[in-house]
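Structure first, commentary second.
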Amino acid sequence: MSEKKFITGNEAIVLGTLEGGAEMFFGYPITPATEILEGWIRTASEDINLQYLQAEDEIASGFATLGAILAGKKAFTATAGVGHVLMQDPISMAENERLPFVGIIAQRGGPSTGTVIYSQQEVNLAALGGNGDGLRIVYSASNIAEAYELSAKIFSTAWKYNFPTFLLTDGYLGKQKITTEFSKPLRPYPARKILREDVDKPTHIRNCYGSEPEFSKVLERNISDYKLLITKVAESENYKTSGAKDIILAHGSVASAAKSAIDDLRSDGIKAGLVRPITLRPLDTAQIRSQIRKADRVFVMESAFEQFARLLVYMIPELAGKMVKVFKPAVGFTPEEIYKIVKDHR
Amino acid sequence: MKNDVTKIVLAGEGGQGIQTIAKILSLALVKADYFVSYIPQFGPEQRGTPSVSFIQFSKSQITYPKFDTADIVMVLRRRAIKTIESYIGSKTDVLFDSSTIARQNFTLNNSRLFAIPATKLAEEEFGAKNQNILALAALAKNFLDYPKNALWEIIAEQLGKKFAKNKSLAGKAKEAFDFAYDFSLESKKFTKAEYDTSDSLIVKKNSQRVAVIVPKYCKGCGICILKCPVNALSFGKTLGVYGTPVPEIDIDKCINCGNCYRFCPDCAIRVVKK
Amino acid sequence: MKTPNEQFAMPQCLNSKSKPSLFCPGCGESIILKHLGNVVDSENIQSKTTLVIDIGCTLLSWNYFNFDIIQSHHGRSVPVSVGYKMARGSRVVIALMGDGGAYAIGLQSLLHAAFRNDPILAIVINNTEYSMTGGQMAPTTVPNEVTTTSPLGKNASIFGPAFHGPELVRQIANSKAFIARASVGNPTLMDSIITKAIENQQKNNSFSMVEILSICPTNWKTDAAESFEFLAKLEKIYPVGEVKKTLDKKSEDI
């Protein structure tokens, strides 16, 4: 069942979060995530079941999100760039206390204030940020229809597995207005009260422990839970990989451009294909590995310097031998450019 | 791993002066020309959990602050045993305070147990604050054979400020040190742990009121004694959770004003009308 | 009278399993927690209270009561409380923090919660220093007070004078907000101030803030008598009681 709409990416994201059962939003304006804050507030103004707060900063909006989550509400935030940096404080608490924090990260150029509209440089921070081991779940949307679906899905993933869950987008995706088909997302996984309000069995949650062995037990349990979710959560898409000798590994908007390039390459008789991780953490390692096995070259393309590539090579070391690195930090890839890169390498 | 490293664990309650004697012992070992490493166990609490320190010394450079098994363990309070028991191996010499810990408090099968009733000696003869000096002297003599005068010089230097404020404390500390240095450690017949934290409630009654004191919550801060308007409270013989004296109440003097209950940080005292 | 047991001297809502507590001997925060427990008992709100604790010595109270307690980050007990209260309006939500959490790292959240009149109670323990980390200078450290980071005494001309948190917050807080200072030196008054603050949350759906002057014998290196002597000095610098609005009331309505 699908429906055709002409809307922006950030509008689609707001609609997606509603499909995911979102009830509360906390945020602070930052380009290119601001329209999610504005869009949510517009929607909430007409629906008494929805709440929001424009907080004093990203730290407060992140922690207030956690407060609402503790009360059993599907709450979320949206941020970008340096706001995402500040947000590591609450995300780290969520990771420690196993709270289903949900964040939309509209990537912009960095470090520092950088540029305001586009990059893929927030992969490290989303996947491995904070002062822990990065037990987080990170999706990357490559087009507006997918951003809509994933905006709903991240709530189910977060509440089912109790790890901070993110959707990476960027300003090209968020601000573009486009006609596209939207399919109805799956029925959302329900929220539950985390602070149970029972004086006979009070809920006491802490993040600070008395000794290394005591904390180590907590971390061991969290890591073991994380390992168990990998096969259930990890996703990737293969596009025209059958018989492909040239494979592009890309995510998000870059993967979108790569699809057009591959269509052109294929019509020129060049056997090119795309492997696109939908989750960057955890990675769909088995699937990616099997897809690149027969390829001669694997082009790892990202609008960042070595961030996505590092995640890949750590999990799939054999990739290093046939990897062609194409890193353009904070700059996008056009389909024409990708077409040329692959063709020139032959 | 080099086997010429001697590894020591010192443990007691917070505020008992474990870190103070750990620092003194470390300095003493430095003066004896050893390479020394000292680190306290760190938690978020300053005083609320047992206090533990790890010391190592060797003729060569020490690389890592912690270890699995100690050569010497000194433990002065029952509650601390649980924290440090894993460092005791079959060849570890264990020195404990037999006035606060009974033999059966150690669950492990180790025959190298030695004791000095440090708290009893301090309470009855040398002043409560000197229990750590007694323990340090016994440890240094019996397990390290550290020269007596050299060790006292370091103690006197380290505690100089305290001693300067309180001359009688200094005198008592020296007496305690001399006594403990020459004390023959108990190795078989351990005295009853008569200064162990009391697990039972203290209940005092008269025809008008009932007072209840909970030694295992009391940390001996003395605030109730300070806030009692009629001087019905004073430190007694029973020891609280940190091995400090618990207040005693003169129930007939008490006017049941409620101040002790109101001010006690640890919910350890209350008087009610009958 | 019931046969006395170990809980005889405890507020009913206190979790006896947290005893003996993780707090130092003579800790003022323990006195505050006991009286908070007493107010929760006397107001009969144990079943609807949620406590959000900060980092600093307040984190040691993570299991102190038989009601829900959530440990947050340094300076963040206020925003967590704000989010929680928005989601669960019928709960009595209390954020417990130290003077560092409230007036240094978390000040903007405290100010904005007061400014928005978020219906939470912020309890700020003021012992004029950072206790958990071993007694460093705080905004509330009074002039000439010695701490580990003001070893010669706090130089007010460089580091500022004594930080008056409730007086500051009062300036921008909604007129319905209840803002007061109490002291562990006067537990009876502390009880009545905490009670008023909780009632202000329940009846007026408004923000409350109570700063409580407290003692820290461990880091002050004081015995019982010296601790209360220094506390009496602090009470002269930081006046106890409700803090009234001094600005022109009209400014709020603009």
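In this calculation the C-beta distance from B:LYS253 to C:ALA225 is compared with R0 = 25 Å, giving a FRET efficiency of 0.80.
Going by neighbour counts of Cβ atoms within 10 Å, the residues B:LYS192, B:LYS7, C:LYS34, B:LYS273 line up, fewest first, as B:LYS273, B:LYS192, B:LYS7, C:LYS34. Considering the zone a paramagnetic label at A:THR231 would reach in this model (a point 7 Å from Cα along the Cα-to-Cβ line), which residues of region A:285-301 have amide N under 18 Å from it? It comes to A:285-291, nothing else. Using a 10 angstrom cutoff on alpha carbons, build the Gaussian network for chain A and name the most mobile of A:TYR52, A:TYR209, A:TYR239. Result: A:TYR209 has the largest fluctuation of those listed. Computed per residue of the protein assembly as shown from DSSP H runs no shorter than four, each worth -39500 (n - 2.57), the mean residue ellipticity at 222 nm is -10500 deg cm²/dmol. Cysteines in chain B lacking any other cysteine Cβ under 4.7 Å from their own Cβ: B:CYS218, B:CYS221, B:CYS228, B:CYS254, B:CYS257, B:CYS264, B:CYS267. Taken one residue at a time, the phi angles of region A:237-243 give Karplus couplings (6.51, -1.76, 1.60, θ = phi - 60°) of 10, 10, 10, 6, 8, 5, x Hz. Gly and Pro are set to x.
The chymotrypsin sites (Phe, Trp or Tyr not before Pro) found in region B:1-70 that occupy coil by DSSP, while having at most 13 further C-beta atoms within 10 Å, are B:PHE42.
Between region B:197-256 and region A:1-56, the alpha-carbon centres lie 61 Å apart. Each of A:PRO329, A:ALA258, A:VAL275 was scored by the projection of its Cα onto the charge dipole of region A:236-344, and the greatest displacement toward the positive side belongs to A:VAL275; charges sit on the C-beta of Lys, Arg, Asp and Glu. Per residue of peptide B:211-217, the mean number of Cβ atoms on other chains within 10 Å of the residue Cβ is 4.
Residue by residue, region B:248-261 carries 3J(HN,Hα) couplings of 10, 10, 8, 5, 7, 6, 4, 10, 6, 7, x, 4, 4, 5 Hz when phi is fed to the Karplus relation 6.51 cos²θ - 1.76 cosθ + 1.60 (θ = phi - 60°); x denotes Gly or Pro. Relative to one another, the C-alpha centroids of region B:1-75 and region C:89-115 are positioned 41 Å apart. Evaluated on region A:236-344, the Kirkwood hydrodynamic radius is 13.4 Å, with distances taken between all distinct Cα atoms.
Shape verdict for chain B, please, from the Cα gyration tensor: rounded (a/c under 1.5), prolate (a/b greater than b/c) or oblate. Prolate shape, in that a/c is at least 1.5 and a/b is the bigger ratio. Distance between the pseudo-spin-label points of A:ALA286 and B:LYS165 (7 Å out from Cα toward the beta carbon): 6.8 nm.
Close amide H pairs (under 5 Å, H built 1.01 Å from N) link C:ASN126 with C:ILE212, C:LEU213, C:SER214, residues at least 5 positions away or on another chain. For C:ARG88, no residue whose modelled amide H falls within less than 5 Å of its own remains once neighbours fewer than 5 places apart on the same chain are excluded.
Close amide H pairs (under 5 Å, H built 1.01 Å from N) link C:ALA95 with C:VAL52, C:LEU121, C:ALA122, C:ILE123, residues at least 5 positions away or on another chain. Dipole orientation for the protein assembly as shown: of the candidates B:LEU113, A:ILE230, A:ALA94, B:LEU113 has the Cα lying most toward the positive pole (charges on Cβ; Lys, Arg +1; Asp, Glu -1).
Among the DSSP beta bridges whose two residues both lie in the protein assembly as shown, what percent are antiparallel, rounded to the nearest 5?
Of all bridge pairs located within the protein assembly as shown, approximately 40 percent are antiparallel.
For region B:86-145 versus region C:198-227, the spacing of their alpha-carbon centroids is 41 Å. Look at the stretch C:13-22: the mean tally of other chain Cβ atoms within 10 Å of its residues' Cβ atoms is 5. Residue-wise HN-Hα couplings along region B:96-110, as the Karplus relation 6.51 cos²θ - 1.76 cosθ + 1.60 with θ = phi - 60° gives them from phi, are 9, 8, 6, 8, 10, 10, 8, 3, 6, 5, 8, 7, 8, 9, 10 Hz; Gly and Pro carry x.
Which percent of Cα-Cα pairs in chain C sits in each 5 Å bin, short to long? With a bin width of 5 Å, the distribution comes to 1, 6, 14, 19, 21, 17, 12, 6, 3, 1, 0, 0, 0. Peptide B:266-272 shows a mean partner chain C-beta count of 6 within 10 Å per residue C-beta.
Just rank B:VAL75, C:VAL92, A:VAL313, B:VAL36, fewest to most, by other beta-carbon atoms within 10 angstrom. Don't jump to the answer; show the numbers that get you there.
On the way: B:VAL75 29, C:VAL92 23, A:VAL313 15, B:VAL36 18.
Starting with the residue having the fewest Cβ neighbours, the order is A:VAL313, B:VAL36, C:VAL92, B:VAL75.
Compared with the alpha-carbon gap, the fully stretched path from C:ASN186 to C:SER90 is longer by 31.5 nm at 0.36 nm per residue.
Between C:ILE237 and A:THR179, how high is the FRET efficiency from 1/(1 + (r/R0)^6) when r is the Cβ-Cβ distance and R₀ = 60 Å? Nearest 0.05. It comes out at approximately 0.35. With a simple spin-label model that places each label point 7 Å from the Cα along the Cα-to-Cβ direction, the separation between A:MET315 and A:ASP263 comes to 2.8 nm. Residue ranges C:151-157, A:102-108 sort as A:102-108, C:151-157 when ordered by packing (mean number of other C-beta atoms within 10 Å per residue, highest first). With both residues required to sit in region A:236-344, DSSP beta bridges show an antiparallel share near 25%.
Expressed to the nearest 5 percent, the antiparallel share of DSSP beta bridges inside region B:1-99 is 60 percent.
With R₀ fixed at 30 Å, the C-beta to C-beta distance from B:GLN158 to B:ARG112 puts the FRET efficiency at about 0.55. Computed with the Debye formula from one identical point scatterer per Cα of region B:45-140, without solvent, the log10 of I(q)/I(0) at q = 0.12, 0.17, 0.22 Å⁻¹ comes to -0.42, -0.81, -1.23. Over region B:202-273, the reciprocal of the mean inverse Cα-Cα separation, the Kirkwood hydrodynamic radius, stands at 11.7 Å.
Readers should treat all values here as calculations from the given coordinates under stated rules, not as data from a laboratory. Computed from a predicted structure; not experimentally measured. Neighbour counts are summed over all protein chains in view; Cβ atoms, including those assigned to glycine, are modelled from backbone coordinates with ideal geometry.
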